[in-house]
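A.B. asks: My structure is below; once you've seen it, I'll send some questions.
The values are calculated or read from the model by the stated rules, or taken from the named source; none is laboratory data. What you are looking at is a predicted structure, and each value in this text was computed from that prediction instead of being measured. Please note: Cβ atoms are built from the backbone with ideal geometry, for glycine as well, and neighbour counts cover all protein chains shown. Ligands, DNA and RNA are excluded from the accessible area calculation, which covers all protein heavy atoms including side chains. Shrake-Rupley method; radii C 1.70, N 1.55, O 1.52, S 1.80 Å.
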Amino acid sequence: MDLMRKLTILADSAKYDAACTSSGAGRAGGRGFGNTLAAGCCHSFSADGRCISLLKVLYTNHCIYDCRYCANRASNDVPRAAFLPQELARLTIEFYRRNYIEGLFLSSGVVKSPDYTMEQIIRALELIRYQHNFRGYIHAKAIPGASPGLVHKLGLLADRLSVNIEMPSELSLKRLAPQKSRRAILTPMAQIAAGHKQSEQEPAIYRNAPKFAVAGQATQMIIGASPESDYQIIRLASGLYSQYALKRVFYSAYIPTVEDTLLPAIDTKPPLLREHRLYQADWLMRQYHFTAEELLSEQTPNFNPYLDPKCNWAIHNLHVFPVDVNAAPRELLLRVPGIGPESVRRILYARRAGRLGLDDLKKIGVVLKRARYFILCADRPRGIHMGREAMTRALIDPGAITFGTEQLSMFDTAGTGLPGSGDVKTMQEAVEEAVLCLLAGI
Amino acid sequence: MPFGRNLTAAAVEYMYDGGLPGLYSCIYDCVYADEMPAHIRRAGETAFGLFPQKEVATDERRALRVRNAIHDKISPAALELVETVFYSCLKDKELHILRFLLLGFATGPAVMRMPGDARVHALKQAERHFWREQHLLLGFIRFTDYEGFLAAAITPKNYALPFLARHFCERYRHESFMIYDKTHSMALVYKEYKPEFVRLEKFCFNPPPEKEESYRALWKQFYNAIAIEARVNLKCRMTHMHKRYWENMPEMEDALLPGAPPRGAPSQIQERSPRGITDGALIL
Ligand code: SF4
């Protein structure tokens, strides 16, 4: 099979994996070839608007497992291919020289056994690192069930490792990926966390010893193939962050590729809005010090489709506001809807020179559309009162409407009192409807 | 130096050679003549002849005095801001810089904490635009391999080459390469571990060798295969990767052909919102 055909098949079968960024491993060029940027770097954007940073491929899409949600499952009839180690190494290097990519993201189906598969991947990476002296970024997937020795070897070759948790609960994993056990997934995760930590703490005399997964580990779970609530999902994510020192948890909206009685019907639209809300919540947990329990609860287990999680929190915690931009500490400023870390930084900086009014805030680039209802400033010592309706209107996420109203049906609308998908026709109507519903809810 | 006071508006245009010491000399002269000129132009720029022109000869000694004054009397950060904005595409950047400096000499280091002031704001904005374009270019530059020599063309709005040089001289340390900035007719040539900037007025690349075509084809194929059809979102792509970068990117070549269907967008697929669905980074 020629390289073009292999690349087509193996890129196509890797495309649903979301855990693909190149950040977290700043490294200068030195004697080898290439370097990495700590901040990550997008080399292109594909037609779906996602950042292309790495050559994202499977080593092979042959697989002995039969995970029901996966197009490469053993029982599915699809064209199969496998790279040769030297082919993949050359391709990576040639793409990198032309600045097409920042490095390689390598995952794989399971051939013969987890250990056999890992050995193949390791061979390819060894060629890239040692023969081509490549110092760019490599993210590799550890195969659940592989032996610790091989996971360790892989960690010395890659900047980041990940093991996909796949399903948000053990029950769903049993149902949909019967050959993968929770333990087989968590064991390498724990090993990677420990290896990474140890490597970070190694004293400077070992500086030349190869580092173990410098950029840490990540994982991904599939959203919408199984019945878990948003609350369950973010609680799991927050647990993973703290127990396994994960750098990122990625959420991947389930896109049906195979008909299966255990899964959503083949024409089900991917729950993109829900995935978006989960990323937002994840971001709030990592960057804004929100806890999962602050964002959702057993009583409201799912995010509001019309509001981003931060606005949702604000609406349910109105007693915290208004916040005085000229006096409030960083953490409190961060909780104001419409004010992000960059705006907070600018406010803290600018207010050292004098008391800030609305115009000053505008000039330093703080967007006031939402924030104005929640702040006090020099020329508005008592805040701005424009009524709940105006406030609610400002808080509604226009993205929710343009994501398509069909998206809303992915949520349990009965619990939130929101209109179902059939009720609204135009954008205008959708916004009005949302305002009314939210007002009723506050 | 009598810096730090306002200048009297004058119906005159200053001209300088286009370099940073030239501009500093110009600023020195403005201050000593107590003139706030209507324009400061680089030599060669078309003037409309509305005002009499004063040509300022570059004086290294005076330039250094201005530069040191910025560093000592305002702050090193202010100097960095000014020198970044000098390479940016801010319209009338010379006058903006002059106004900022007058304010800075009057207020001292505190000027950097006054982003609300229009004079500071203009520079900050230009600086942000500059770095944003820089960052995007690091990823969007495409090299062609001419049998061992890598060559790339860029068409940036800001003068980016010195900053790109740092990154690529390290990344491709053991290679030879050039980056040709068509907008500013300048090229960075890196050979035998030495970077060099050369002026290149008109330059045409040879057609790429055959092997090159095959890697381009592989890259395009990868680019197309990696997009998820059920998530196609051309607006989102456009906000992240503006069309003006496409001309130098092989994967976007076909999308630029007249009448071509936008790549990866079969007609039955609807566009979705331009807001990021990739990351939470867009929430505020
Ligand atoms: S192990 Fe499961 S998810 Fe991975 S390729 Fe095989 S079938 Fe797909």
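A.B. asks: Mind checking how much accessible area A and B bury in total, 1.4 Å probe, in Å² rounded to 100?
C.D. replies: The A and B chains share an interface burying roughly 6300 Å².
A.B. asks: Test of understanding: express the Cα radius of gyration of the range B:13-132 as a ratio to 2.2 N^0.38 Å, with N the residue count.
C.D. replies: So the range B:13-132 has a normalised radius of gyration of 1.01.
A.B. asks: Using a Förster distance of 41 angstrom, determine the FRET efficiency expected from the C-beta separation of A:ASN76 and A:ALA209, and round it to 0.05.
C.D. replies: Step by step, r from the Cβ atoms, then E = 0.45.
A.B. asks: What residues in the range A:36-67 lose 30 Å² or more of accessible surface when the other protein chains are added to their chain alone (1.4 Å probe)?
C.D. replies: Hits at the 30 Å² cut-off: A:LEU37, A:CYS41, A:HIS43, A:SER44, A:PHE45, A:SER46, A:ALA47, A:ASP48, A:GLY49, A:ARG50, A:ILE52.
A.B. asks: Once the whole set of protein chains is in place, how much accessible area is left on A:HIS62, using a 1.4 Å probe, in Å² to the nearest 10?
C.D. replies: 80 Å²
A.B. asks: Now for a separate question. Send over a whole-number figure in Å² for the accessible area per residue of the protein assembly as shown, probe 1.4 Å.
C.D. replies: The answer is 42 Å² per residue.
A.B. asks: Run the simple label-point estimate for A:ALA194 and A:HIS289 please: 7 Å along Cα→C-beta, distance reported in nm.
C.D. replies: Distance between label points: 3.2 nm.
A.B. asks: Please state the relative contact order of the range B:40-134 as a whole percent: Cα pairs under 8 Å, 6+ residues apart?
C.D. replies: 28 percent
A.B. asks: Same structure again: How much length is gained on full extension from B:ASP254 to B:HIS242, taking 0.36 nm per residue of separation minus their Cα-Cα distance?
C.D. replies: 2.8 nm
A.B. asks: Continuing with this model, one more query. Starting from the Cα of B:ARG128, step 7 Å along the direction of its Cβ; do the same at B:GLU201; then give the gap between the two resulting points in nm.
C.D. replies: Here the modelled spin labels are 4.0 nm apart.
A.B. asks: Determine the shape class of the protein assembly as shown: with a ≥ b ≥ c the square roots of the Cα gyration tensor eigenvalues, call it rounded for a/c under 1.5, and otherwise prolate if a/b is greater than b/c, oblate otherwise.
C.D. replies: The shape class here is oblate.
A.B. asks: Another question, if that's okay. Grab the beta carbon distance between B:TYR32 and B:ALA118, set R0 = 22 Å, and tell me the FRET efficiency rounded to 0.05.
C.D. replies: Efficiency for this residue pair is about 0.30.
A.B. asks: Using Cα atoms only, what is the angle between the long axis of helix B:76-86 and the major principal axis of chain B, expressed in degrees (0 to 90) to the nearest 10?
C.D. replies: 70 degrees
A.B. asks: Whose amide H sits under 5 Å from the amide H of B:ILE154, counting only residues 5 or more places off or on another chain, with H placed in the peptide plane?
C.D. replies: Those lying under 5 Å, H to H, from B:ILE154 are B:TYR180, B:ASP181, B:LYS182.
A.B. asks: Calculate, in nm to one decimal, what A:ALA390 and A:LYS174 gain on full extension: separation in residues at 0.36 nm each, minus their alpha carbon distance.
C.D. replies: 73.0 nm
A.B. asks: If you don't mind, there's one more thing I want to ask. If you rank B:LYS194, A:LYS180, B:LYS73 by how much accessible surface each has, with a 1.4 Å probe, what is the order from largest down?
C.D. replies: Per-residue accessible area, sorted high to low, gives B:LYS194, B:LYS73, A:LYS180.
A.B. asks: Here's something else I'd like to know. I'd like the mean, over residues of A:351-361, of how many other protein chain beta carbons sit within 10 Å of each residue's own Cβ.
C.D. replies: 2
A.B. asks: Need the list of lysines near B:LYS124 for cross-linking: C-alpha distance under 24 angstrom, and skip anything on the same chain fewer than eight residues off.
C.D. replies: Within the straight-line cut-off, B:LYS124 pairs with A:LYS362, A:LYS363, A:LYS369, B:LYS73, B:LYS91, B:LYS93, B:LYS157.
A.B. asks: Report, to the nearest 10°, how far helix B:60-69 tilts away from the longest principal axis of the Cα atoms in chain B, using its own Cα long axis and a range of 0 to 90°.
C.D. replies: Tilt of helix B:60-69: around 90 degrees.
A.B. asks: Related question: Per-residue Cβ counts within 10 Å, from other chains only, averaged over B:103-113: what number is that?
C.D. replies: 1
A.B. asks: Rank these residues by their accessible area, most exposed first, probe 1.4 Å: A:ASP17, A:ASP267, A:ASP77, A:ASP324.
C.D. replies: A:ASP77, A:ASP267, A:ASP324, A:ASP17
A.B. asks: Step through the residues of the range A:72-82 one at a time and calculate ³J(HN,Hα) from phi using the Karplus curve (6.51 cos²θ - 1.76 cosθ + 1.60, θ = phi - 60°), rounding each to whole Hz and writing x for Gly and Pro.
C.D. replies: Going residue by residue, I get 8, 4, 3, 7, 8, 8, 10, x, 10, 8, 8 Hz, with x marking Gly and Pro.
A.B. asks: Does anyone have the angle between helix B:118-140 and the longest principal axis of chain B? Alpha-carbon axes, 0 to 90°, nearest 10?
C.D. replies: In chain B, helix B:118-140 runs at an angle near 30 degrees to the longest axis.
A.B. asks: Measure off 7 Å from each Cα along the Cα-to-Cβ vector at B:LYS194 and A:ASN326, then give the distance between these two points in nanometres to one decimal.
C.D. replies: 6.0 nm
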